[in-house]
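Here the structure is laid out as structure tokens; the discussion comes afterwards.
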Amino acid sequence: LPDHFKDLKKDNHSRRGLLALVSQRRSLLDYLKRKDDARYQTLIEKLGLRR
């Protein structure tokens, strides 16, 4: 996807959709961290996210 945005700098519709998905993922991960930290840590490692 980064290549897509480099090639098509004016594709703000797709960029906004991607930012919405990232924001939703962050919100869900924050919720999971508050409710079940051990499960959150397992998920972060499994997905390979740096948080």
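For the chain, the longest principal axis of the Cα atoms and the long axis of helix 12-35 meet at an angle of about 10 degrees. Quick note on the chain: its Rg to Rh ratio, both from C-alpha atoms and Rh being the Kirkwood radius, is 1.14.
Each stretch of four or more DSSP H residues adds -39500 (n - 2.57); spread over every residue of the chain, this sum gives -26000 deg cm²/dmol at 222 nm. Helix 37-47 and the long axis of the chain differ in direction by around 40°, with both axes built from C-alpha atoms.
No lab work stands behind these numbers, since they all come straight from the coordinates. None of these values were measured; they are calculated from a predicted model.
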